[in-house]
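Report on one structure; see the data block that follows.
The values are calculated or read from the model by the stated rules, or taken from the named source; none is laboratory data. The shown structure was predicted, so the numbers you read here are calculated from the model rather than taken from an experiment. Every residue, glycine among them, receives a Cβ derived from its backbone with ideal geometry; neighbour counts consider all protein chains shown. We work out accessible area using only protein heavy atoms, side chains counted, and drop any ligands, DNA or RNA first. Shrake-Rupley method; radii C 1.70, N 1.55, O 1.52, S 1.80 Å.
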Protein chains: 2
Amino acid sequence: MHNETIDLLCKHRSIRKYQQQPLKLEQIELILKAAQSVSSSNFLQCSTIIRITDMIRRKKLAHYSGDQNYITQAPEFWVFCADFNRHYQIEPGLQLEKAEQLLLGCIDTAIMAQNVVVAAESLGLGAVYIGGLRNNIDKVTELLAIPKYVLPLFGLCIGYPDPADNPEVKPRLPKELVIFKNQYQPINRNLLKQYDEQINNYYQHRSTNQKVGGWSDKIAKIINQENRDFILAYLHKQGWITK
Amino acid sequence: MHNETIDLLCKHRSIRKYQQQPLKLEQIELILKAAQSVSSSNFLQCSTIIRITDMIRRKKLAHYSGDQNYITQAPEFWVFCADFNRHYQIEPGLQLEKAEQLLLGCIDTAIMAQNVVVAAESLGLGAVYIGGLRNNIDKVTELLAIPKYVLPLFGLCIGYPDPADNPEVKPRLPKELVIFKNQYQPINRNLLKQYDEQINNYYQHRSTNQKVGGWSDKIAKIINQENRDFILAYLHKQGWITK
């Protein structure tokens with residue numbers, strides 16, 4: 001029952017080291033076509049991609065994202081934006097300040113980006129999402145001349161994986177903790193404990209960056225470190241969720 | 001340069017009529033594995049799927065979503081939730097009220113759902129996203145016993161397409177309006193006009209539900225109709241973006 005596409009999805013790893021080889025125009029166009037073929041809520045098509053070819057901008061974005069230097073090394077770096085400014089340019093009277101627009105913009109833009117990842121991987125390329133773009137979202141907004149009702153959500157590096165870098169596939173949560181039947185369920189602590197042991201084992205034995213610890217014990221630190229508490233003020237400034 | 005996966009992505013259409021044939025358990029497990037293989041920001045794994053097998057709940061969800069009866073007819077109906085309650089159960093002191101958590105939860109849950117769509121389509125299945133689930137998000141929350149820090153974002157119907165229903169692929173915006181180089185660009189009105197003509201032509205000649213009109217002239221009506229202006233209050237009640 002397996003097939004090529006499912007095998008591709010299941011062997012996904014984030015790629016952070018790339019060969020210098022650029023993408024062909026034809027590859028970029030195919031990837032874009034796959035991106036645009038995604039579902040769109042009410043056919044609003046509320047997503048925009050900004051492709052960063054200018055190396056000065058790339059370096060700034062790499063720095064703003066927490067000095068993730070693969071942003072400058074990857075042949076392609078695309079910034080994905082939820083975009084209702086396009087609609088606003090067409091209909092300047094539109095009311096776009098509702099939380100619904102934010103949810104819709106995030107969902108539609110994310111599913112589009114995932115098609116980019118899948119299409120790229122099917123061509124032998126690798127990719128990594130850059131949520132760190134939100135570390136300095138104000139500066140990103142200025143650098144890319146992003147207007148009101150547009151929200152830069154994340155970046156995506158794309159390129160041929162460096163064969164010297166071959167990250168393992170990380171074990172995910174047991175499916176019983178992620179899919180429930182008919183209603184939400186409290187966490188199964190036994191399964192969680194087993195998973196923490198599995199992750200601890202994975203971290204200790206992976207090929208690079210070995211460490212000790214499970215999944216549960218890292219949550220608090222990550223969430224507290226990465227809560228970017230300026231995002232709400234930023235959203236308001238850009239016209240989102242003000243009403 | 002085409003391949004099976006890209007062809008699959010490019011021929012995506014939403015499927016709203018299904019054969020009665022249920023999915024095999026093995027198919028569901030494969031689809032789930034593909035779903036869980038998606039990237040996860042900081043490996044927080046902040047998404048949960050609620051699979052609705054109970055037909056009483058299905059009928060209620062179909063009604064809440066604006067009487068979309070394919071929700072009851074589809075062999076599978078899954079509700080996708082951004083979920084930080086799992087983390088909260090593990091670390092009850094966590095601060096989860098920031099807008100960052102909302103963005104992260106929406107993005108990660110949406111990309112997971114898109115892997116479900118792609119995996120399902122690769123198995124010959126069809127799917128449709130149900131954003132209408134947010135029409136009565138309060139009732140959905142109650143029906144599925146959804147706690148604080150969990151946000152039901154959309155549903156997804158999955159099943160074998162009814163061969164009698166064969167929707168066309170809708171033409172998307174010209175790529176020049178969707179991907180920009182290095183910075184945001186104002187809309188190209190000539191290309192938009194051409195696209196409106198293309199869409200008008202598509203709507204007039206498609207196999208069902210023919211109508212007249214372009215893309216631009218539908219935007220205002222859709223956004224005003226679907227702005228669900230209770231979402232912000234709902235988010236606050238569920239513990240999202242309160243700080």
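I'd like the full set of residues that are out of contact with any Leu (no Cβ under 9 Å at 6 or more places or on another chain), small (G, A, S) and buried (at least 23 other Cβ atoms within 10 Å of the Cβ), limited to region B:113-128.
If the condition is that a residue be out of contact with any Leu (no Cβ under 9 Å at 6 or more places or on another chain), small (G, A, S) and buried (at least 23 other Cβ atoms within 10 Å of the Cβ), then B:G126 is the only one that fits.
Which helices (runs of 4 or more DSSP H) sit wholly inside region B:1-104 and have at least 3 residues that are buried (at least 19 other Cβ atoms within 10 Å of the Cβ)?
Here the list reads B:4-10, B:25-36, B:55-64, B:85-90.
Out of all the residues in region B:196-207, which are over 19 Å from A:S40 (Cβ atoms) and either open to solvent by less than 30 Å² (accessible area, probe 1.4 Å) or in a loop (DSSP other than H, G, I, E, B) (or both)?
Of everything in region B:196-207, just one residue is over 19 Å from A:S40 (Cβ atoms) and either open to solvent by less than 30 Å² (accessible area, probe 1.4 Å) or in a loop (DSSP other than H, G, I, E, B) (or both), namely B:S207.
Can you tell me which residue within region B:129-149, out of those that are hydrophobic (A, V, I, L, M, F, W, C) and in contact (Cβ under 8 Å) with a residue 60 or more places away in the chain, is surrounded by the most Cβ atoms within 10 Å (Cβ to Cβ)?
Out of the qualifying residues, it is B:I130.
How many of the residues in region B:43-62 are free of Cβ contacts under 8 Å to residues at least 60 places away in the same chain and farther than 30 Å from A:Y195 by Cα?
5
Between B:E168, B:E176, which is at pLDDT below 95, more than 17 Å from the chain's Cα centre (by Cα) and open to solvent by 10 Å² or more (accessible area, probe 1.4 Å)?
Checking each option against the conditions leaves just B:E168.
Residues of region B:35-62 being out of contact with any helix residue (DSSP H, G or I) (no Cβ under 8 Å at 6 or more places or on another chain) and more than 9 Å from chain A (Cβ to nearest Cβ), which ones?
Within region B:35-62, B:I56 is the sole residue that qualifies.
Just to be sure I understand the filter: pairs with C-beta atoms under 9 Å, separated by 6 or more residues or on different chains, first member in region A:188-211 and closer than 23 Å to A:R13 by Cβ, second member aliphatic (A, V, I, L, M). Which pairs pass?
Filtered contacts from region A:188-211: A:Y195/A:L173; A:Y195/A:L177; A:N200/A:V212; A:Y203/A:V212; A:Q204/A:V212.
What number of residues within region A:213-233 are surrounded by 12 or more Cβ atoms within 10 Å (Cβ to Cβ), of a type outside the set (V, I, T) and farther than 23 Å from A:K170 by Cα?
5
Restricted to region A:68-119, and to residues that are over 13 Å from the mean Cα position of the chain (by Cα) and polar (S, T, N, Q), which residue is nearest to the other protein chains (Cβ to nearest Cβ)?
A:Q89
Are any residues in region A:150-195 more than 11 Å from chain B (Cβ to nearest Cβ) and part of a loop (DSSP other than H, G, I, E, B), and if so, which ones?
Passing the criteria: A:Y160, A:D162, A:P163, A:A164, A:D165, A:N166, A:P167, A:E168.
Taking the condition open to solvent by 10 Å² or more (accessible area, probe 1.4 Å) and either touching a residue at least 40 places away in the same chain (Cβ under 8 Å) or not assigned by TED's automatic domain parsing to the domain that holds A:S216 (or both), does A:N182 pass?
no
Can you tell me which residue is surrounded by the fewest Cβ atoms within 10 Å (Cβ to Cβ) among those in region A:234-243 that are of a type in the set (A, V, I, L, M, F, W, C) and touching a strand residue (DSSP E or B) at 6+ places or on another chain (Cβ under 9 Å)?
Among those residues, the one meeting the criterion is A:L235.
How many of the residues making up region A:208-221 are in a helix (DSSP H, G or I) and not β-branched (V, I, T)?
Residues in region A:208-221 being in a helix (DSSP H, G or I) and not β-branched (V, I, T): 5 in total.
In region A:222-243, how many residues are in a helix (DSSP H, G or I) and either within 11 Å of another protein chain (Cβ to nearest Cβ) or among the hydrophobic types (A, V, I, L, M, F, W, C) (or both)?
So the count comes out to 10.
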